[in-house]
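Q: Just passing along the structure, written as structure tokens.
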Amino acid sequence: MHEISLVRNIFNTLEDEFSKEDLDRLTGIDLKVGLLANVEPTLMQNAFEAVTETENKFLKAKLSINVVPILVECPLCGDVAEVKNYLFQCGNGHPTNNVIQGEELLIERVHFQED
Amino acid sequence: MSVEKSSKAARGTVQCDNSSFSLLKANDFMAENIRKTVKEKNILLINITSSAGSGKTTLMQETAKRLKDKLKMKVLVGDLETERDADRIKEAGVEALQIVTGGICHLEAQMVWQAMDQIDLEGVDLLFVENVGNLVCPASFDLGEDYRVTLIATTEGDDKPKKYPRMFLTSDLMLVSKCDLLPYLPFTVEAVTKDARDINPDLEVMEIASTSGQGIDEWCNWLLAKVKEKQEAKAVTA
Ligand SMILES: Nc1nc2c(ncn2[C@@H]2O[C@H](COP(=O)(O)OP(=O)(O)O)[C@@H](O)[C@H]2O)c(=O)[nH]1
Ligand SMILES: [Mg+2]
Ligand SMILES: [Zn+2]
């Protein structure tokens, strides 16, 4: 699994976007993860703890993982439907692989100490 | 909202924008570089994925034997630790370079980019990347390829696509490999095709057996057609 490398990507992304002073005051990271992203939340939490400890960074930050379902938009009839049991079709039964949600793997929000 | 590093201290909750906070941002950026480079150089780039042992390297050997006199083909091959696969492909008469990932379970665009720097791409028509054997992690990493081709062997379960939906969703062609063994196994091509097309209705499917040669001509003709298509599209825009 690639959770460890994803956690390192979280760190790199935050370090690109925020200053060291800000990151010292980081209290939380909210991830948005599509069901298709092949991320196992428990493994991700474990990886996060392992990396924060070994790198001695972001120890105060809590990781939350928001898993979002797969949605397709039908190019034929425009219907947007949730994909269940990995049957990729719209509510009217048209097969489609036009995924509009479910592949995301991103940092949605970050939280800092207020003062 | 992207926060400038120089702006005053971040407080409370910061909502992040999707593009700069994607965890695959660095990979996707390199993948775009690869896509541009292969387009400029008129190279068709194919990413070959499967579980370990489904027959990727054997297919590369057979493909090399048949196509090496028709076009210039090279192979980059990802492996956790060893150099064995590249040697097997070289024996078939084409240049191959091993990308040792050192335990990482997938290839990232950065690794392919570095490997492309180590081989001579002049005049190459067809470049394969044999990915690390696993259907999970490689699915998330765009390598800038023109086509993603996934092998599934008859010795695996014919209900496998739904266990690895992202891979089948992002593939263009599914090769059902080791079809010489079909008579002896509970696996059916119909079942695996249905399972995969539930996910990706546009997926092309071919049956092959590298050991007997079944379907290999069809596969090579598919490749030749895609090479021609890309080179003609380039000639029109040039
Ligand atoms: N019966 C049969 N065995 C095959 C075929 N293709 C490959 N194999 C065998 O499957 C094993 C794994 O093949 P390999 O090409 O190394 O798989 P890779 O890990 O996906 O690169 C080897 O022992 C091959 O000889 C095939 O078409 N039929
Ligand atoms: Mg191999
Ligand atoms: Zn529809």
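The values are calculated or read from the model by the stated rules, or taken from the named source; none is laboratory data. The structure displayed is predicted, hence computed values, not measured ones. Virtual Cβ from ideal backbone geometry, glycine too; neighbours counted across all protein chains shown. In case anyone asks, the SASA skips ligands and DNA or RNA and just uses the protein heavy atoms, side chains included. Shrake-Rupley method; radii C 1.70, N 1.55, O 1.52, S 1.80 Å.
Q: With the full set of protein chains in place, find how many percent of the accessible area of the protein assembly as shown is carbon and sulfur; take the probe as 1.4 Å.
A: Summing carbon and sulfur atoms, their accessible area is 49 percent of the total for the protein assembly as shown.
Q: B:Lys72's amide H: which non-local residues (gap 5+, or another chain) put their own amide H closer than 5 Å, with H modeled 1.01 Å from N in plane and none for Pro or chain starts?
A: HN-HN under 5 Å from B:Lys72: B:Asp125, B:Leu126.
Q: Ordered by packing density, taken as the mean number of other Cβ atoms within 10 Å over each peptide's residues, highest first, how do A:102-113, B:77-88 rank?
A: Highest-to-lowest ranking by the protection proxy: A:102-113, B:77-88.
Q: Next up: Label chain A by shape, choosing from rounded, prolate and oblate, from the square roots a ≥ b ≥ c of the eigenvalues of the Cα gyration tensor; if a/c is under 1.5 it is rounded, and otherwise prolate applies when a/b is larger than b/c, oblate when it is not.
A: prolate
Q: Using the heavy atoms of the protein chains alone and a 1.4 angstrom probe, what is the accessible area of the range B:20-158 per residue in square angstrom?
A: Each residue of the range B:20-158 exposes 37 Å² on average to a 1.4 Å probe.
Q: Summing Lys, Arg as +1 and Asp, Glu as -1, what charge do residues with Cβ under 15 Å from the Cβ of A:Ala47 carry, A:Ala47 excluded?
A: Around A:Ala47, the surrounding residues sum to -2.
Q: Next question, about the same structure. Collect residues whose amide H, placed 1.01 Å from N in the peptide plane, falls under 5 Å from the amide H of B:Glu204; neighbours closer than 5 in sequence don't count.
A: Sorted by chain and number, the residues that satisfy this are B:Leu173, B:Met174.
Q: Which value in deg cm²/dmol, rounded to the nearest 500, describes the helix-derived mean residue ellipticity at 222 nm for chain A, given -39,500 (n - 2.57) per DSSP H run of n ≥ 4 and division by the residue count?
A: Calculated mean residue ellipticity at 222 nm is -9500 deg cm²/dmol.
Q: Can you send over the solvent-accessible area of A:Tyr86, 1.4 Å probe, protein chains only, in Å² to the nearest 10?
A: 70 Å²
Q: Between the helical axis of B:189-199 and the dominant principal axis of chain B, each derived from Cα atoms, what acute angle in degrees is found, rounded to the nearest 10?
A: Once rounded, the angle reads 20 degrees.
Q: Would you work out if the range B:69-109 is rounded, prolate or oblate? Take a ≥ b ≥ c from the square roots of the eigenvalues of the alpha-carbon gyration tensor; rounded if a/c is under 1.5, else prolate when a/b is larger than b/c, oblate otherwise.
A: Judged from the Cα gyration tensor, the range B:69-109 comes out oblate (a/c at least 1.5, b/c at or above a/b).
Q: While we're on this one: Let me know the mean shielding of B:13-19 by other chains, meaning the per-residue number of their Cβ atoms within 10 Å of its Cβ.
A: 6
Q: Under the definition of partner shielding as Cβ atoms of other protein chains within 10 Å of a residue Cβ, what is the mean value for peptide A:13-19?
A: 6
Q: With bins 20 Å wide starting at 0, give me the P(r) of the protein assembly as shown over every alpha carbon pair, in whole percents.
A: Computed distribution, short to long bins: 27, 54, 18, 1.
Q: Shifting gears a bit: For the range B:116-132, just list the computed ³J(HN,Hα) in residue order, Karplus coefficients 6.51, -1.76 and 1.60, θ = phi - 60°, integers in Hz, with x standing in for Gly and Pro.
A: Each residue of the range B:116-132 in turn: 5, 6, 8, 10, 7, 8, 4, x, 6, 9, 9, 10, 9, 10, 7, 6, 5 Hz.
Q: Can you tell me how the range B:16-237 classifies by the Cα gyration tensor, rounded, prolate or oblate, using a/c under 1.5 as the rounded cut?
A: It is rounded, given that a/c, with a ≥ b ≥ c, falls under 1.5.
Q: If you count, for every residue in A:102-108, the Cβ atoms of partner chains within 10 Å of its Cβ, what is the mean?
A: 6
Q: Just to check I understand the Karplus step: with θ = phi - 60° and J = 6.51 cos²θ - 1.76 cosθ + 1.60, what whole-Hz values come out for the range A:41-57, glycine and proline as x?
A: Each residue of the range A:41-57 in turn: x, 5, 5, 5, 4, 4, 4, 4, 4, 4, 6, 4, 5, 5, 8, 6, 9 Hz.
Q: Between chains B and A, what is the buried accessible area in Å², counting both sides, with a 1.4 Å probe and ligands, DNA and RNA left out, to the nearest 100?
A: 3300 Å²
Q: Additional query: Using only the heavy atoms of the protein chains and a 1.4 Å probe, how would B:Glu207, A:Glu3 rank by accessible area, largest first?
A: The ranking, largest first, comes out as B:Glu207, A:Glu3.
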